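No value in this document is a laboratory result; all are computed from the given coordinates. If you're wondering where the values come from, they're calculated on a predicted model, not measured in any experiment. Neighbour counts are summed over all protein chains in view; Cβ atoms, including those assigned to glycine, are modelled from backbone coordinates with ideal geometry.
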Amino acid sequence: MVFDIGLAVLVVAVAAWTIAARDVFAAVVSFVAYGLLLALVWVRLAAPDVALTEAAIGGGLTGGLLIGASSRLRGIEAPAANEKPGRGPWLAAALLCSLVSIGLAMIVPVLPEPSPTLASQAAANLAATGLSNPVTAVLMAYRAIDTLLETVVLLLALLAVWSLAPDRFWGGLPGRRQNADPESVLTFAAQLLVPMGILIGIHIFWIGSVAPGGEFQGATILAAVWILAAMAGLVEGPPVSRQWLRLMLVAGPAVFFMIGLAGFATAGAFLAYPEAHAKLLILIIEVPVTLSIAATLALLLAGPPERGPQ
Amino acid sequence: MSGATVYGLCGAALVGFGLFGLIVHPEPLRKILAFNLIGGGVFLLFGVVARKGAARESAYGRGSARQRRRPERQLVRPLRFEPEEQRPHGGLVQRAHCRWTLAAGARASGS
């Protein structure tokens, strides 16, 4: 309980610092810390799957994207920073936001307890999916359509990033050239961590059927490993015009969609699985989806093509 | 006051700070950060609501500390928890809750 209160206070304090920090970069760093602390909160709420996702995507991936954005925006945002609101609007905003917080805080203690839940139904139908992690069952079976749409959204985000590339670099290498010193600590750490990271990523993906984990979390780790290797200059990103790369990016959503369509014939509905083969089908979906998500996230972080094809 | 309630209050505070940042910061990136704070807070509130419903039957067979002290109950009826039907005071929060308990916040993967 003391730990819970301390953690909650810390999360709120870091969030307040994210808002109050003068420097954009400091705010971004504080936001990453906030993401990691929030992951701890999710562990305390007995939601390890959410914690994994929050740490990997909320803290790590979003943090990387935001740090990149803050360094690019440094010059552009300076004029906007002078348009701070005056004292009156500032106080009005503070009052309004306090009221919203107090209103929400007053609801929390009077939430019905225990309140109705679908968890029992989720658990009751678990056997039909062949999985033993109910969260994965929700993501891959009961609400598979949401997961399908998420994979498509990621792809659209990557298209949006790529479309920022100047014409002369189209189809070129993503991101700027990394001039890493081959003798540096970074290179050594990358050589040491990459094999372990790949192993952990595959493990987190594979364990998802029985324990907290799954394709999004595993794919994020794989993407992070690739980014680390790229930053250390160990690997060079493939030009975005490569056929195999594009196939890899669409393979996940495409396989997902095709198995979903096959559900019409085999089980009578879109994204329905015949009971005897549910786990096999989910696995067939998950492998290419993991690869696609890993590639998409890595390329999202790498940014639009900034060098011509070599 | 339980741990879930503490984090519920924490979520409420996060929403307030995020909203404040969204209003007073002129820079787009700061606004995005603030918006993400709101998202974290709202999501935390959903998680707390789900926790209050699902605390009795832990998805992975381990529950809260209070639950672990009563093993006989877990062993006899591990996954059989019927919510009382037709709660008269169930409004928006409860309906939202029904959706969110099942996922137990699993939708975080979309964020």
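In chain A, the calculated helix contribution to ellipticity at 222 nm averages -22500 deg cm²/dmol per residue, counting -39,500 (n - 2.57) for every DSSP H run with n ≥ 4.
Fewest-first ordering of A:THR129, A:THR296, A:THR266 by other beta carbons within 10 Å of each residue's beta carbon gives A:THR266, A:THR129, A:THR296. Taking other Cβ atoms within 10 Å as a rough exposure proxy, B:LYS52, A:LYS84 sort from fewest to most as A:LYS84, B:LYS52. Legend: ranking of residues A:TRP244, A:TRP226 from fewest to most surrounding C-beta atoms inside 10 Å; resulting order A:TRP244, A:TRP226. State which stretch of chain A is the longest one without any exposed trypsin sites (Lys or Arg not before Pro), exposure meaning a DSSP loop state and at most 14 other Cβ atoms within 10 Å. The answer is A:23-175. Close amide H pairs (under 5 Å, H built 1.01 Å from N) link A:LEU118 with B:THR101, B:LEU102, residues at least 5 positions away or on another chain. Karplus-derived 3J(HN,Hα) values for the stretch A:223-236, using 6.51 cos²θ - 1.76 cosθ + 1.60 with θ = phi - 60°, are 5, 5, 4, 5, 4, 4, 4, 5, 5, 7, x, 7, 10, 10 Hz; glycine and proline are entered as x. For a straight C-alpha distance cut-off of 30 angstrom, the lysines reachable from B:LYS31 (same-chain residues fewer than eight places away being disregarded) are A:LYS84.
Look at the stretch A:51-59: the mean tally of other chain Cβ atoms within 10 Å of its residues' Cβ atoms is 3. Taking amide hydrogens as placed 1.01 Å from N in the peptide plane, the amide H of A:ARG143 sits under 5 Å from that of no residue at least 5 positions away in sequence or on another chain. Phi-derived couplings, Karplus 6.51 cos²θ - 1.76 cosθ + 1.60 at θ = phi - 60°, listed residue by residue for the stretch A:45-58: 8, 6, 10, x, 5, 5, 4, 4, 5, 5, 5, 6, 9, x Hz, with x used for Gly and Pro. Which of A:LEU61, A:TYR34, A:ILE285 sits farthest toward the positive end of the charge dipole of the protein assembly as shown, with +1 on the Cβ of Lys and Arg and -1 on the Cβ of Asp and Glu? Positive-most Cα among the choices belongs to A:TYR34.
Mean partner shielding of peptide B:38-50, defined as the number of other chain Cβ atoms within 10 Å of each residue Cβ, is 5.
In plain terms, the C-alpha convex hull of chain A casts an average shadow of 20.7 nm² when viewed from every direction. Shielding by partners for peptide A:134-144, expressed as the average number of C-beta atoms from other protein chains within 10 Å of each residue's C-beta, is 3. Loop-located GluC sites (Glu not before Pro) in the stretch A:18-125 (DSSP state other than H, G, I, E, B) with a sparse environment of at most 14 neighbouring Cβ atoms within 10 Å: A:GLU83. Taking θ as phi - 60° and the Karplus parameters 6.51, -1.76 and 1.60, the scalar couplings of the stretch A:23-36 work out to 8, 5, 4, 4, 5, 5, 4, 5, 5, 5, 4, 4, x, 5 Hz in sequence order, x denoting glycine and proline.
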